[in-house]
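Enquirer: I am attaching a structure below and will ask some questions about it afterwards.
The values are calculated or read from the model by the stated rules, or taken from the named source; none is laboratory data. If you're wondering where the values come from, they're calculated on a predicted model, not measured in any experiment. Glycine gets a Cβ as well: all are built from the backbone with ideal geometry, and neighbour counts include every protein chain shown. Calculation scope for accessible area: heavy atoms of the full protein, side chains included, ligands and nucleic acids excluded. Shrake-Rupley method; radii C 1.70, N 1.55, O 1.52, S 1.80 Å.
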Amino acid sequence: DTGVSQDPRHKITKRGQNVTFRCDPISEHNRLYWYRQTLGQGPEFLTYFQNEAQLEKSRLLSDRFSAERPKGSFSTLEIQRTEQGDSAMYLCASSLAGADEKLFFGSGTQLSVL
Amino acid sequence: SQQGEEDPQALSIQEGENATMNCSYKTSINNLQWYRQNSGRGLVHLILIRSNEREKHSGRLRVTLDTSKKSSSLLITASRAADTASYFCANNNAGNMLTFGGGTRLMVKP
């Protein structure tokens, strides 16, 4: 068990470009979550999957954001036409359904939009 | 927006002292969890307390829960410099996601 891994750790992009992040959860975990965190704030929920189904999505999530988990294993989060306000740490977490929703987090992808 | 608030936002203590952080939330919960985050890293789960529990211990951590006041507290006893981090409470309100508070930034001076 290598824990939750995220790639890349850091991403610098220019405004208007598209970016994609990847998350590999703990292998036996069937739930996967994306959160966003800005400096000095707590993580803010974006979306979550149970297996390959996207079951919940934050109402705050812009249409420029899309997430997939095609085979119920790894997940990708894509941001289209990035804006400076998208600069944040993007955190992925996984959990086992029925296990009190204790989350295991990756180290995050730090996005900087110039 | 976040559902919970934490108090204080920042706390600075000397090594060996106890640190107490408080958390308030707005809705009914199934459980409340505390996480720790070192600078620039992901969060690490510390302890979970269920809605029908009032107090729980884990090593140097003690968590209390008062559902009538919709509040929780985390006590770290005999703090160490290595405890320096941000601490977040998160509540599970019968949905399948955790809602996090804004965190308390703890600094323990050696």
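Enquirer: How much of B:ILE29 can a 1.4 Å solvent probe reach, expressed as accessible area in Å² and rounded to 10?
Expert: 20 Å²
Enquirer: Classify segment B:32-110 from the C-alpha gyration tensor, please: rounded if a/c falls under 1.5, else prolate or oblate depending on whether a/b exceeds b/c.
Expert: Because a/c hits 1.5 or more and a/b fails to exceed b/c, segment B:32-110 counts as oblate.
Enquirer: For segment B:28-90, which whole-number percentage of the solvent-accessible area (1.4 Å probe, protein heavy atoms only) is attributable to carbon and sulfur atoms?
Expert: 45 percent
Enquirer: Keeping all protein chains in place, calculate the accessible area per residue for chain A (probe 1.4 angstrom), answer in Å².
Expert: Result: 50 Å² of accessible area for each residue.
Enquirer: If DNA, RNA and ligands are ignored and the probe is 1.4 Å, what is the ranking of A:PHE74, A:PHE105 by accessible area, most exposed first?
Expert: Ranking A:PHE74, A:PHE105 by accessible area, largest first, yields A:PHE74, A:PHE105.
Enquirer: Same structure again: Using only the alpha-carbon atoms, what does chain A span along each of its principal axes? Please give whole angstrom values in decreasing order.
Expert: The Cα atoms of chain A stretch 40, 24, 24 Å along the principal axes, largest first.
Enquirer: Further question: Using a 10 angstrom cutoff on alpha carbons, build the Gaussian network for chain A and name the most mobile of A:ARG59, A:ARG31, A:ARG69.
Expert: Checking each option, the largest mean-square fluctuation is seen for A:ARG59.
Enquirer: Search the structure for amide H atoms under 5 Å from the amide H of A:ASP100, placed 1.01 Å from N in the peptide plane, and list their residues when 5 or more places away or on another chain.
Expert: none
Enquirer: Let me ask something additional. Express the relative contact order of chain A as a whole percentage, based on alpha carbon pairs under 8 Å and six or more residues apart in sequence.
Expert: 37 percent
Enquirer: Of all the accessible heavy-atom surface of segment A:1-112, with the other protein chains kept in place and a 1.4 Å probe, what percent is carbon and sulfur?
Expert: Looking at segment A:1-112 in its full context, I get 44 percent from C and S.
Enquirer: Step through the table entries B:LYS69/B:LYS109; A:LYS11/B:LYS26; A:LYS11/A:LYS57; A:LYS57/B:LYS56; B:LYS70/B:LYS109, compare each Cα-Cα distance with 27 Å, and write down the pairs that go over it.
Expert: B:LYS69/B:LYS109; A:LYS11/B:LYS26; A:LYS57/B:LYS56; B:LYS70/B:LYS109
Enquirer: Report, to two decimal places, the Cα Rg of the protein assembly as shown normalised by 2.2 N^0.38 Å (N = number of residues).
Expert: Compactness ratio reported: 1.01.
Enquirer: How many Cβ atoms of partner chains, on average, are near each residue of A:86-93 if near means within 10 Å of its Cβ?
Expert: 2
Enquirer: Compute the distance from the alpha-carbon center of segment B:23-72 to that of segment A:1-31, in whole Å.
Expert: Centre-to-centre distance over Cα atoms comes out at 27 Å.
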